[in-house]
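Okay, so here's the structure we're looking at.
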Amino acid sequence: MKKPQALPIFGDAYLADTTHLTTEEHGAYFLLMLAAWRQDDCHLPNNDRKLARIAGLSPHKWRGM
């Protein structure tokens, strides 16, 4: 099955699951979701340095989140 060209976002579900996040954490989470969406298997690397880079965070900030 081919993925749709757009990432479906269900606003009510997203907000219900993420109300505890800070604004910065929302941004990082969304960037990670977009990066996963671009992969054929929708997976992210199991590597903190790469994940921090995808999320636009320093490794120190990533560890703190």
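If you roll a 1.4 Å probe over the chain with all protein chains in place, what percent of the accessible area is carbon or sulfur? Each step should come with its number before you reach the end.
Numbers: 2990 of 5380 Å².
Answer for the chain is 56 percent, counting heavy atoms of protein chains only.
Hey, what number do you get for the chain at 222 nm if only DSSP H runs of n ≥ 4 count, each worth -39500 (n - 2.57), divided across all residues, to the nearest 500? Kindly include the intermediate steps, with their values, before the conclusion.
On the way: 4 runs with 38 residues, N = 65.
Taking each H run of at least 4 residues, the total per residue is -17000 deg cm²/dmol.
Please list, in order, the residues from the stretch 21-65 whose amide nitrogen is less than 12 Å from a point placed 7 Å along the Cα→Cβ vector of residue 14.
Backbone N within reach: 26-34.
Projected onto the charge dipole of the chain (+1 at Lys/Arg Cβ, -1 at Asp/Glu Cβ, origin at the Cα centre), which of 4, 29, 47 gives the Cα projection farthest towards the positive end?
47
In square angstrom, rounded to the nearest 10, how much accessible surface does residue 61 have for a 1.4 Å probe?
We get 90 Å² for residue 61.
Can you match Rg and Dmax of the Cα atoms in Å to one of these, (i) 10.4, 27; (ii) 15.2, 42; (iii) 12.8, 39, based on a calculation from the structure here?
(iii)
Place a +1 charge on the Cβ of each Lys and Arg in the chain and a -1 charge on the Cβ of each Asp and Glu, then give the dipole magnitude about the Cα centre in debye, rounded to the nearest 20. It would help to have the intermediate numbers written out before the result.
Working: 8 positive and 7 negative charges, 70 e Å.
With Lys and Arg at +1 and Asp and Glu at -1, about 340 debye.
The values are calculated or read from the model by the stated rules, or taken from the named source; none is laboratory data. This one's a predicted model, so the numbers in the text were calculated from it and none came from an experiment. Every residue, glycine among them, receives a Cβ derived from its backbone with ideal geometry; neighbour counts consider all protein chains shown. Ligands, DNA and RNA are stripped out before the accessible areas are found, and what is left, the full protein with its side chains, is counted by its heavy atoms. Shrake-Rupley method; radii C 1.70, N 1.55, O 1.52, S 1.80 Å.
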